[in-house]
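Report on the following structure.
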Amino acid sequence: MYEGKIIKFYREKYKLTQEQLGKDICSVTHISKIECGQTTFASEIISLLSKRLGINMEIEVKKLINIKQQIFNWHEAIMIQLFADTEKINSELEQEELIQISEYFNMYELLRARYHLMHNNCQEAFKIIKKIRKIENKLTPYETNLLKHVLGIYFIEKQDYITAIETLKTIQNENYNNPEYYYHLAIAYHTIQSPVMAYYYAEKSHQFFKDMNNYLRVIDAELIMIIQIEDDENNEEILNRFKKLIKSCELCNAPDRKAKVMHDLAYAYYRRRKYDLASMYFKESMSLKEKESPSFLLSLERYIRSSYDGGLLPKDELIQQAENGLRMALNNNQLLFIHMFRLLLYLLKSKEDQYYQYLSNKALPMFTKFGFTHLIERSKKELFNYYFKMKLKEDALELAQLIINT
């Protein structure tokens, strides 16, 4: 089985016809049947064909068989976020030309898409996804569900959380023994402000990561769980849980996780109007993040808002920082943050009319399209207060009705 595929691969690589390869060894018909796996063959024939192709068949068969294990190891490394192993296996697989004839090639391509998503390269990931979807009917049940998982992650990266949820919820557990996707469902539900569902899926992923002894991913899931119950628990207890999670990150030497936890702790302080502590933790979170990344921009926007609300920095300095944020968002085509920093600049420059016009005409429609529930609710309340203040009664009543219905 393997021998025929290998012979065909190297014959085509060296641009030999079946007749040229089989000359003085065997017939064209026999070569064709060997390549298609439709006949038995003598080991002497394979030895002669291998010698003509300049390959050691025993080594090539071992390489082809080993590809399967490498791909599954790569999947596990990606899933549990062993970044060094992920990069090492990726390099090895890129050098392995026989992967093109492996029966696991489609799985490899899907994992390549996920690998690109890990590196925030949505464009390259989508190219692969688009190609795979054209042959979706040829995928195994496992690969079909892996495609759905990768698509769900892609939609999360593109900030289309509603579509991400719709896609991830079609995964069939009986054909896809990988509960990691529960974590991605939790992320999507959290972002659209659905705390019950976010907690439910975060808890399921938490148990999965715990069973795997994957403490970094346990931290990820636990963070999502804490955020969902923040409103229902004792304030001080929640803050202490955040701080314990920061210590766990330090013990695991995980600065990226520490940055996330610090951002959420900062937001907890912001909600409690403790703007000095919020500003401090947002700033510390930014220091641990890659500059110009979406997570950096989010912390920067929050840092500027908390500093503004608390009167902690001069307006000129905050305007300069917001302009830098807008520049970074434009450079990286981050639509959400383009809107957020433009709104922030109108606010800082006391351009009230332009702020609410932009919020109503541009920002809110985008927030609504992609399901940013928190931003939608905040925007509607801001617009209602503005309409009421400006005595635009019809607009205020229409928006009030919409808020009530929502």
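Laid out as a table, the results:
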item	result
Lys, Arg +1 and Asp, Glu -1 on Cβ, resulting dipole of the stretch 45-96 about Cα centre, debye, nearest 20	360
Nearest-20 debye value, the chain charge dipole, Cβ charges on Lys, Arg, Asp, Glu	720
Eligible lysines near residue 389 by straight Cα distance, threshold 25 Å, same-chain separation 8 or greater	315, 349, 351, 362, 380, 381
For the chain: Kirkwood Rh in Å [reciprocal of mean 1/r, alpha carbons]	24.8
The chain - mean residue ellipticity at 222 nm from DSSP helices (-39,500 (n - 2.57) per run, n ≥ 4, rounded to 500)	-24000 deg cm²/dmol
Length-normalised contact order for the chain - Cα pairs under 8 Å, 6+ apart - percent	7
Those trypsin sites (Lys or Arg not before Pro) in the stretch 310-395 that DSSP places in a loop and that have at most 14 other beta carbons within 10 Å	349, 351, 391
Rg/Rg_ref, the stretch 85-183, where Rg_ref = 2.2 N^0.38 Å and atoms are Cα	1.06
Helix axis angle, 122-133 relative to the chain longest principal axis, alpha carbon, degrees	50
Sparse-neighbourhood loop sites, chymotrypsin sites (Phe, Trp or Tyr not before Pro) in the stretch 145-194 - DSSP loop, at most 10 other Cβ within 10 angstrom	none
Positive minus negative residues near residue 47 (Lys, Arg vs Asp, Glu; Cβ under 15 Å)	-3
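Coordinate-derived values only; no laboratory data. Since this is a predicted model, take the numbers as computed values, not measurements. All Cβ positions, even for glycine, are placed from backbone atoms using ideal geometry, and neighbour counts span all protein chains on display.
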